[in-house]
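> Structure in structure tokens, see below.
The values are calculated or read from the model by the stated rules, or taken from the named source; none is laboratory data. All figures in this text were calculated on a predicted structure; none of them were measured in a lab. Because the Cβ atoms are built from the backbone with ideal geometry, glycine has one as well, and the counts that use them run over all protein chains shown. Quick note on the areas: whole protein, heavy atoms, side chains included, nothing else; ligands and nucleic acids left out. Shrake-Rupley method; radii C 1.70, N 1.55, O 1.52, S 1.80 Å.
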Amino acid sequence: MLNEHLQNLPEKITDCCNQLILNTKMDYSFWGEFSLFINFIKGNDIVPTCGVTLKNSEPVFYFNENFLKKQSQKQYNFIHIHELMHLLNDHVHRTMFGVFQHKMANIVQDMIINTTIKSSVSSDFISEPEGAYFIPAEYKGSEIFEELYDWMQNQKNKYDNDKKSVSEEMQKILSNLEEYEFDKHFQISPEEKELLKQTIDSILENMKSRGLVTSNIEQMLQKLRPSKKNHLRVILKQIAALKGFFKTKSYRRLNRRGLTALKGKIKNGAKLNVILDTSGSMSGDFEKALSYIFFDNIEFNFIMNDTEVKSVEKYKSRKDIQTTKIAGLGGTILQPAIDLVKKEFSQFNTVVLTDGYTDTLDFTGCGQKNLVITTGQKPSVKNAKIIVIEK
């Protein structure tokens with residue numbers, strides 16, 4: 001007998017929950033029991049397919065009846081677990097700062113979830129729904145949202161320049177980017193997202209206390225919900241705050257009829273100063289330090305410095321950095337790079353990547369916002385925020 005709130009729902013939903021709850025495999029029971037905590041609501045006017053969100057402080061699964069009718073039972077079973085995994089996954093928190101392009105973020109989230117389902121749930125219970133995307137075989141990185149998103153964004157940049165420069169699989173995915181909607185990804189407030197996370201955490205604790213979380217499910221949860229502090233999320237929020245436009249005086253501004261140039265200010269594209277500590281103590285940490293910067297097609301002044309400025313380059317993409325040879329490996333005095341920024345690039349905000357074993361850093365006279373990301377100890381700074389990433 002199904003839980004009362006699962007009654008009077010479309011047959012595909014009740015059949016799926018029945019199969020999950022009554023299945024002798026404990027892993028399936030997890031999904032069935034988890035479903036009992038979710039409110040299933042008909043939402044033909046809310047979602048074209050399905051989607052999960054928070055309503056009245058409770059997790060909600062909206063479904064479109066017309067969409068359900070087009071799915072086989074096994075296809076719906078796949079979609080059912082897909083939506084539950086959205087609730088379990090921390091993707092919502094990791095994309096809440098507006099740093100990511102929405103449609104691309106949706107595809108990347110769905111790729112990771114669909115690939116996980118395909119590898120962990122028997123084909124006796126599920127089949128692939130139409131329009132489902134999976135992590136491309138050519139991607140060799142980790143199944144982590146930020147890493148896959150970055151790779152996909154690079155693929156899109158190549159696709160925009162020359163469609164044939166990417167694989168046929170990627171051409172198909174990217175050509176459908178704006179029309180893609182496998183399911184509905186709701187946009188909710190940071191407060192609601194935090195409440196949703198707390199609610200899901202409470203449900204999981206309840207299920208663990210009842211012995212419903214097997215070792216296989218535990219491994220999946222650790223993968224989807226990393227226990228370590230998500231520094232990247234905090235960093236992306238700070239980088240997003242550093243981005244933006246700056247204004248300079250110009251006679252290029254036209255009057256509102258477009259007839260003559262008037263004295264005024266124009267907006268210039270986003271750009272950052274990035275200072276990399278290339279001292280000997282950073283050896284082995286360069287890749288880690290650089291991985292915490294999300295460039296997102298931002299132009300940046302890239303400055304390498306150990307005891308003095310070694311190199312100043314103007315870059316437009318992460319690919320430019322990948323071909324850079326590290327210059328330095330001496331001692332550590334980073335103030336010369338900051339002084340250079342004050343002199344030549346003070347109109348831009350600045351990020352410093354270091355292990356923290358450095359001199360006192362004074363950003364007075366630099367851009368309005370400055371950030372130090374350290375992979376080691378916390379350095380002494382003036383007029384800058386600091387994020388410490390543990391070793």
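> Find the residue count for the stretch 54-65, including only residues that are open to solvent by 10 Å² or more (accessible area, probe 1.4 Å) and either closer than 19 Å to residue 196 by Cα or under 28 Å from the mean Cα position of the chain (by Cα) (or both).
Applying the first criterion (open to solvent by 10 Å² or more (accessible area, probe 1.4 Å)) to the stretch 54-65 yields 54-58, 62, 64-65.
Going one step further and asking which of them are either closer than 19 Å to residue 196 by Cα or under 28 Å from the mean Cα position of the chain (by Cα) (or both), we end up with 54-58, 62, 64.
Going through the stretch 54-65 one residue at a time, the tally reaches 7.
> Which residue is surrounded by the most Cβ atoms within 10 Å (Cβ to Cβ), if the candidates are limited to the stretch 66-76 and must be more than 31 Å from the chain's Cα centre (by Cα) and in a helix (DSSP H, G or I)?
73
> Considering the stretch 324-345 alone, what residues qualify as being open to solvent by 50 Å² or more (accessible area, probe 1.4 Å) and either modelled with pLDDT under 90 or in a helix (DSSP H, G or I) (or both)?
Once the filter is applied, which keeps residues that are open to solvent by 50 Å² or more (accessible area, probe 1.4 Å) and either modelled with pLDDT under 90 or in a helix (DSSP H, G or I) (or both), the stretch 324-345 yields 325, 326, 329, 339, 342, 343, 344.
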